[in-house]
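J.: The structure's right below; bear with me while I get my questions together.
The values are calculated or read from the model by the stated rules, or taken from the named source; none is laboratory data. Small disclaimer: the values here were computed from a predicted structure and weren't measured. Reconstructed Cβ throughout: ideal geometry from the backbone, glycine too, with neighbour counts over all protein chains shown.
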Amino acid sequence: MAYDYSSKLVTPEKAAKLAVQSGDWVDYGFGAGFPELMDKALAARKEELKDVKIRGGLVIRPRIEVVECDPEQTAFTYYSWHIGDYERKLQSRGLCRFIPMILRSLPELYRRHIRVDAAFVPVSRPDESGYCGLGISNYAWRTIFENARTVVFEINEHLPRLQGVDGSHRVHLSEADYIVEGEHEPLPIRTYREPSSIDIEIARRVAAEIPDGAVLSLGVGGVPFTVAKMLAESDKKDLGCHTGTISDAFLALYKAGKLTNRCKEVDCGFSTWNLAMGSQELYQWLDEEPGLFRPADVDYVHSPERISRMKNVISINGGVELDLMGQENAESAGSRQLSGTGGQLDFLEGAFRSQGGKGFICLASTHTKKDGSLKSNIVPFIPGGSTVSAPRTMIQYVATEYGIANLTGLSLRERAEAMISIAHPDFRDELSRYARENFR
């Protein structure tokens with residue numbers, strides 16, 4: 001007999017009325033999973049509510065209704081754990097407040113430090129027993145809704161239905177206070193720009209450092225995707241996936257027969273991830289081949305201790321700028337927030353502790369300013385107001401189009417020399433002068 005959830009089924013409008021009061025904190029989730037119907041229904045209550053705080057992050061859809069309907073922020077204020085492209089535009093309009101955090105610590109924040117009144121949880125269509133999957137955003141949802149006053153499940157007919165090989169991605173309709181359903185827009189997709197010649201050169205250098213059987217954590221961006229394409233066309237074999245965000249990069253490796261997960265000491269045979277973000281083909285892969293994956297909560301996937309149990313973990317991420325000591329800014333231009341710390345520190349530490357592991361920060365040696373001039377992305381020091389996303393003690397490898405610097409075990413002077421060797425030649429003299437004056 002099919003599980004009957006009719007007693008909890010309400011319209012989005014009624015759920016928004018029952019679940020949210022003035023002064024509440026409401027959680028929308030993270031990434032490409034988004035409570036679309038509840039967002040519209042809550043926005044319609046603008047004239048009834050005051051001081052409702054919304055938390056989300058890395059939103060890749062084009063609009064958040066509660067934000068756009070209330071630019072005066074009388075009823076709604078939006079907070080983001082990690083700034084995405086759309087949220088960056090909101091921030092420039094003064095409509096998005098950034099909250100710094102390291103992703104692996106997020107569940108502890110909800111357990112011990114912050115309040116959640118209502119959780120709007122996107123879930124897949126239920127099976128006959130009433131179990132749903134968390135679609136493309138496992139995030140920290142279980143921790144959040146277990147600590148929430150009111151829980152609303154929003155059934156999205158487009159979400160992949162996988163529930164995790166051991167139920168790691170599973171929730172039951174009985175865990176919700178209210179359930180809503182209806183017609184949704186297609187899932188938002190994330191595409192990659194064509195790699196530049198510099199991207200290709202950096203990726204070539206990094207791909208050469210990856211052994212057979214490596215477990216990959218790939219950030220979302222041009223260089224990680226280009227590395228994956230190169231590996232797909234190489235003679236590498238038995239690669240694995242343990243990553244914050246699974247993307248089309250891993251789909252390319254799977255289609256080439258390279259992604260077997262055979263050598264993983266943790267979740268052997270399965271691709272492990274927390275978020276999914278990419279093409280419709282990626283989402284279909286998750287839906288059609290659920291037995292290949294172990295999606296899991298963020299503090300499972302991002303645990304440095306768990307990552308360190310696997311050999312040859314390769315973490316590849318991008319940065320904004322690094323200084324001569326190896327400090328990295330991955331998320332801001334001065335005080336203007338561009339993204340967030342996210343899980344980069346988690347995987348850098350996990351790779352550092354992994355036998356044979358390597359953590360790479362990849363960036364072009366320069367960028368072009370608005371006036372057309374070049375500016376070095378390797379700088380004497382991280383300028384005031386900018387973020388230090390990863391300390392010098394956690395940076396292993398830095399890759400530019402000019403080479404790879406291994407900073408492990410080097411003195412400050414030696415670090416500076418290694419960083420200068422991979423900087424753009426036009427800036428090496430200036431950087432060398434600073435190093436001579438400051439690192440004896």
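J.: Counting only residues that are of a type outside the set (A, V, I, L, M, F, W, C) and part of a helix (DSSP H, G or I), which one in region 6-21 is nearest to Gly278 (Cα to Cα)?
T.: Pro12
J.: Tell me which residues, restricted to region 53-76, are surrounded by fewer than 17 Cβ atoms within 10 Å (Cβ to Cβ) and at positive phi.
T.: Gln73
J.: What are the residues in region 200-231 that are in contact with a Phe, Trp or Tyr (Cβ under 9 Å, 6 or more places away or on another chain) and acidic (Asp, Glu), if any?
T.: Glu201, Glu209
J.: Do the conditions hold for Arg142, that is, is it over 19 Å from Lys40 (Cβ atoms), without any contact (Cβ under 8 Å) to a residue 60 or more places away in the chain and surrounded by fewer than 24 Cβ atoms within 10 Å (Cβ to Cβ)?
T.: no
J.: Assuming Arg193 fulfils every condition listed in (1) outside any strand (DSSP E or B); (2) closer than 20 Å to Ala351 by Cβ apart from one, which condition is it?
T.: (2)
J.: Now for a separate question. Here are some conditions: (1) over 20 Å from Ser303 (Cα atoms); (2) surrounded by 21 or more Cβ atoms within 10 Å (Cβ to Cβ). Leu106 meets all but one. Which one does it not meet?
T.: (1)
J.: Among the residues of region 158-188, count how many are surrounded by 16 or more Cβ atoms within 10 Å (Cβ to Cβ) and either more than 19 Å from Lys14 (Cβ to Cβ) or among the aliphatic types (A, V, I, L, M) (or both).
T.: 19
J.: Looking at region 220-235, I want the residues that are at negative phi and surrounded by fewer than 23 Cβ atoms within 10 Å (Cβ to Cβ) and have a partner that is of a type in the set (A, V, I, L, M) and not in a helix (DSSP H, G or I) with Cβ atoms under 6 Å, at least 6 apart or on another chain. Which pairs are those?
T.: That search, which allows pairs on different chains as well, returns Ala232/Ala256.
J.: Would you pick out the residues in region 69-100 that are closer than 23 Å to Ala44 by Cα and either free of Cβ contacts under 8 Å to residues at least 12 places away in the same chain or β-branched (Val, Ile, Thr) (or both)?
T.: Scanning region 69-100 gives Glu72, Thr74, Thr77, Lys89, Gly94.
Results for (1) outside the structural domain of Val298 (by TED's automatic domain parsing); (2) modelled with pLDDT under 95; (3) of a type outside the set (Phe, Trp, Tyr), shown as yes or no for each residue.
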| residue | (1), (2), (3) |
| --- | --- |
| Phe225 | no, yes, no |
| Ala228 | no, no, yes |
| Ser247 | no, no, yes |
| Tyr254 | no, no, no |
| Leu259 | no, no, yes |
| Lys264 | no, no, yes |
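J.: Another question, if that's okay. State all residues of region 237-247 that are touching a Leu at 6+ places or on another chain (Cβ under 8 Å) and either hydroxyl-bearing (Ser, Thr, Tyr) or farther than 17 Å from Gly135 by Cβ (or both); if no residue qualifies, say none.
T.: Leu239, Gly240, Cys241, His242, Thr243, Thr245, Ser247
J.: In region 202-210, is there at least one residue being closer than 27 Å to Thr400 by Cβ, small (Gly, Ala, Ser), assigned by TED's automatic domain parsing to the domain that holds Thr368 and assigned to a loop (DSSP other than H, G, I, E, B)?
T.: Yes, there is a match, as at least one residue in region 202-210 is closer than 27 Å to Thr400 by Cβ, small (Gly, Ala, Ser), assigned by TED's automatic domain parsing to the domain that holds Thr368 and assigned to a loop (DSSP other than H, G, I, E, B).
J.: Please verify whether region 335-342 includes one or more residues that are charged (D, E, K, R), within 21 Å of Ala423 (Cα to Cα) and over 16 Å from the mean Cα position of the chain (by Cα).
T.: No, region 335-342 contains no residue that is charged (D, E, K, R), within 21 Å of Ala423 (Cα to Cα) and over 16 Å from the mean Cα position of the chain (by Cα).
J.: I need a count of the residues in region 290-337 that are within 20 Å of Gly409 (Cα to Cα), of a type in the set (Gly, Ala, Ser) and buried (at least 20 other Cβ atoms within 10 Å of the Cβ).
T.: 2
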